[in-house]
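Notes follow the structure.
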Amino acid sequence: MTTVAARFPQFLSDSEPQFDGADLVREAAGGSRAAFGELYKRYARMVHGILLARVPLADAEDLAQDVFIVAFGKLGGLREPAAFPGWLAAIARNHAVEFHRASRREMYLPRARSSARDDNDSVFVLDTIRALPEAYRETLILRLVEGMTGPEIAAKTGLTPDSVRVNLFRGMKMLRERLAGREAK
């Protein structure tokens, strides 16, 4: 029997990740575009992943840009710079909710009209991930699509490393089961 630690050593961390961008947040709040640009570089994948877990692929990129525009405008109201990652994640989640409220669209990805099986498989896997419970969906997309590590996901979303590990383990198990069901058909 293989343990979780043996199967996913990349998600293990003995210490809580610390936010190291407080100075950047202060500078950006003071109007520094360079500091905000650095925050963008650090958090763009997280924001995109959060949105991709909730909105159609075609809209995720534009919404990610909107999230950063809103964040830049509201950054001066953020009282605690260390709260930036969670605050930014909340803005992204709220944008996804507003997207669906405004558009009244279903949460699905349009099927690519491609004859290549790999394209259809990718769309199917992304659709399958998006059909999982929200906690697993977001964490899996940040890991599998955006390429973030477990500790990086924890640091940038405000989740504990243990929560990230559990969400990834359970989400991967559910994803494998659903994908295995497809192969059986």
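The values are calculated or read from the model by the stated rules, or taken from the named source; none is laboratory data. In this text, all values refer to a predicted model and were calculated from it rather than measured experimentally. Please note: Cβ atoms are built from the backbone with ideal geometry, for glycine as well, and neighbour counts cover all protein chains shown.
Assess whether D119 counts as being modelled with pLDDT of 90 or more and among the acidic types (D, E).
no
Tell me whether the stretch 174-183 contains one or more residues that are at pLDDT below 85 and not small (G, A, S).
Within the stretch 174-183, one or more residues are at pLDDT below 85 and not small (G, A, S).
Right, A83: modelled with pLDDT of 90 or more and either surrounded by 12 or more Cβ atoms within 10 Å (Cβ to Cβ) or among the polar types (S, T, N, Q) (or both) or not?
In short, yes.
Residue by residue through the stretch 1-32, note down the ones that are outside any loop (DSSP other than H, G, I, E, B) and at pLDDT below 85.
Answer for the stretch 1-32, where residues must be outside any loop (DSSP other than H, G, I, E, B) and at pLDDT below 85: V4, A5, A6, R7, P9, Q10, F11.
Scan (1) surrounded by 15 or more Cβ atoms within 10 Å (Cβ to Cβ); (2) at pLDDT below 90; (3) farther than 29 Å from A102 by Cβ for the single condition P56 breaks and write down its number.
Answer for P56: the failing condition is (3).
This table checks each residue for (1) in contact with a His (Cβ under 6 Å, 6 or more places away or on another chain); (2) in contact (Cβ under 8 Å) with a residue 60 or more places away in the chain; (3) under 21 Å from A154 (Cα atoms).
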{"position": "A28", "(1), (2), (3)": "no, no, no"}
{"position": "Y40", "(1), (2), (3)": "no, no, yes"}
{"position": "I50", "(1), (2), (3)": "no, yes, yes"}
{"position": "L63", "(1), (2), (3)": "yes, no, no"}
{"position": "H100", "(1), (2), (3)": "no, no, no"}
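Hey, among the residues in the stretch 127-185 that are in contact (Cβ under 8 Å) with a residue 40 or more places away in the chain, of a type in the set (V, I, T) and part of a helix (DSSP H, G or I), which one's nearest to L88 (Cα to Cα)?
T157
Of all residues in the stretch 33-53, how many are surrounded by fewer than 21 Cβ atoms within 10 Å (Cβ to Cβ) and either under 11 Å from the mean Cα position of the chain (by Cα) or outside any helix (DSSP H, G or I) (or both)?
Selection size over the stretch 33-53: 2.
Would you please list the contacts, defined by Cβ atoms under 8 Å and residues six or more apart or on different chains, that run from a residue in the stretch 69-92 that is within 18 Å of A53 (Cβ to Cβ) to a residue that is among the basic types (K, R)?
P85/K156; A89/K156; I91/K74
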